[in-house]
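The values are calculated or read from the model by the stated rules, or taken from the named source; none is laboratory data. Worth saying up front: this structure is predicted, and the values here are computed from it rather than measured. Using ideal geometry, Cβ is built from the backbone for each residue, glycine included, and neighbour counts are taken over all protein chains shown.
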Amino acid sequence: MSDNTKIPHIKSVETRHLEQRESLFRGLQNLDRRNFLKVSTGAAAAALAAGASNHFHSFLPVNVAYAADGPAGQGFSFAYISDSHLYVKKTNERFVRQLLRAVDDVNKLDPQPDFVFFGGDLAQLGRKEELDLGAQILKSIKAPLHMMVGEHDWFFDMGQHWNELFGPQNYSFDHKGVHFVVLMSVQEKDFWTARGMSPAERMHTVAGLDNAVQSAFEVGAPQREWLKKDLEKVPTSTPLIVFSHSPLYKLYRPWNFWTDDAEDVQAILQRFERVTVLHGHTHQVLTNRIGNIQFQGMLSTAWPWPYAPQGLPALTVQMNRPNPFDPNDGLGDGTISVHPDGLVDMLYNLWNRNPMQVKASYLSSGGKSDVPVAPTLASY
Ligand SMILES: [Fe+2]
Ligand SMILES: [Fe+2]
């Protein structure tokens, strides 16, 4: 005779994962700090239980996490999330929810990407509370996570807390035959000391893109030297994927859609046969090609910028103007498929619209083949 009361009730890993994920979202309904930390820690535990045993290495410098592991030329994919611009929770809960939506997107990918890349501007005003909140949310990503800094993360304390959370702001790593470089492209010349600005004033000045006070973004001479040295040992036949927060070309100076020493950096990269630069900051579908370098912008989870009024690179197929009454329109995340030859197809996962794929072959052919299908206006 069976006695069911003696059988312990065991929940499957999936059930526990779903329950804990649910509680994370429920916790967001009232975002007091204690509650939020509790639920987001639960989500992290759920990710671990779901098999993400590398979860706690997510914030390690990547050259430790990946040591040239794998044969060249096999192709792989990774995902990106960018520009979440988190304020403290009570100021803007919507941006928190939008970042969580992106985290859910990448956690649902099947198969899972080799890693997730975050494209910068995690915080809005560079405050410790904002960066801590972002770090908590990103911890529930199942795949390993690699971070890049944006100007909104940096100019309150000049990167101190970001470095404590995520490690160095520029680094490189090798993965399946591709050499990856992460740059800190939003250095600025000192406009604050002579003006006697406080850290908050400095941050607010940089956060307002269109003011004449700040200087232009740049990679800067010391980091360019680091880049040259980093690439010295890399054969020109090795595919290169470079991440920068600002686009590594000069698009529109009044909004700092710009890197002031872009030509110097491009000159360092040009000797390589296949180079892709992926950038954040511009919050829109943006594609370009200069020499052999292919450029792709990442979407934001916070808001879409309009296109620069002075015009766009010829190869950019525009996303439609977002619906101003839909706070999720024009936002999204994406997946990057790396071909065996090292060039990449970029999938823009536009929320509420059809996804848009910009293939390497479109850029390589100067826009002649594989023209991307522009997003439709209708939601789907
Ligand atoms: Fe941004
Ligand atoms: Fe930015």
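Would you point out the residue of region 169-215, among those that are within 16 Å of ligand 1 (Cβ to nearest atom) and small (Gly, Ala, Ser), that is surrounded by the most Cβ atoms within 10 Å (Cβ to Cβ)? Applying the filter and picking the extreme gives Ser185. Within region 126-133, the presence of a residue that is over 21 Å from Thr91 (Cβ atoms), of a type outside the set (Ser, Thr, Tyr), in the same structural domain as Leu251 (by TED's automatic domain parsing) and outside any loop (DSSP other than H, G, I, E, B) is excluded. In the condition set (1) without any contact (Cβ under 8 Å) to a residue 24 or more places away in the chain; (2) of a type outside the set (D, E, K, R); (3) assigned to a loop (DSSP other than H, G, I, E, B), Pro222 is compliant with all but (3). Restricting region 331-347 to residues that are of a type in the set (Gly, Ala, Ser) and within 16 Å of the chain's Cα centre (by Cα), the residue that is farthest from Ser364 (Cα to Cα) is Gly332. Residue check: Asp121 meets all listed conditions (1) over 14 Å from the mean Cα position of the chain (by Cα); (2) within 16 Å of ligand 2 (Cβ to nearest atom); (3) not aromatic (Phe, Trp, Tyr) but one, namely (1). Checked against the criterion of being under 24 Å from Ala212 (Cβ atoms) and either within 14 Å of ligand 1 (Cβ to nearest atom) or part of a loop (DSSP other than H, G, I, E, B) (or both), the candidates Ser246, Ser300 yield just one match: Ser246. Being without any contact (Cβ under 8 Å) to a residue 24 or more places away in the chain and touching a helix residue (DSSP H, G or I) at 6+ places or on another chain (Cβ under 6 Å) is a property that Val206 lacks. Here is a check on your reading of the model: is Pro375 more than 16 Å from ligand 1 (Cβ to nearest atom), more than 28 Å from Gly177 (Cα to Cα), exposed (fewer than 14 other Cβ atoms within 10 Å of the Cβ) and at pLDDT below 95? Here the answer is no, as Pro375 does not meet what is asked. The residues listed here are Val265, Val277; of these, the one that is crowded, with 21+ Cβ neighbours inside 10 Å, assigned to a helix (DSSP H, G or I) and modelled with pLDDT of 95 or more is Val265. Looking only at residues in region 76-95 that are within 16 Å of ligand 1 (Cβ to nearest atom) and not polar (S, T, N, Q), which one is nearest to Gln136 (Cα to Cα)? Step by step, filter region 76-95, then rank; the result is Leu86. Does region 175-194 include one or more residues that are in a helix (DSSP H, G or I) and touching a strand residue (DSSP E or B) at 6+ places or on another chain (Cβ under 6 Å)? The answer is no, given that none of the residues of region 175-194 is in a helix (DSSP H, G or I) and touching a strand residue (DSSP E or B) at 6+ places or on another chain (Cβ under 6 Å).
Screening Glu225, Glu273 for residues that are within 25 Å of Ala360 (Cα to Cα) and of a type outside the set (Lys, Arg) leaves exactly one candidate, Glu273. Going through Thr282, Thr238 one at a time, which residue ends up being among the hydroxyl-bearing types (Ser, Thr, Tyr) and more than 20 Å from the chain's Cα centre (by Cα)? Just one listed residue meets the conditions, Thr238. Mind checking which residues of region 124-157 are more than 11 Å from ligand 2 (Cβ to nearest atom), under 24 Å from Phe78 (Cβ atoms) and not hydrophobic (A, V, I, L, M, F, W, C)? Gly134, Gln136, Lys139, Ser140, Lys142, Pro144, His146 - these are the residues of region 124-157 that are more than 11 Å from ligand 2 (Cβ to nearest atom), under 24 Å from Phe78 (Cβ atoms) and not hydrophobic (A, V, I, L, M, F, W, C).
Which of the residues that make up region 138-154 are in contact with a strand residue (DSSP E or B) (Cβ under 8 Å, 6 or more places away or on another chain) and either away from ligand 1 (no atom under 14 Å from the Cβ) or in a loop (DSSP other than H, G, I, E, B) (or both)? Within region 138-154, Leu138, Ile141, Ala143, Pro144, Leu145, His146, Met147, Met148 qualify.
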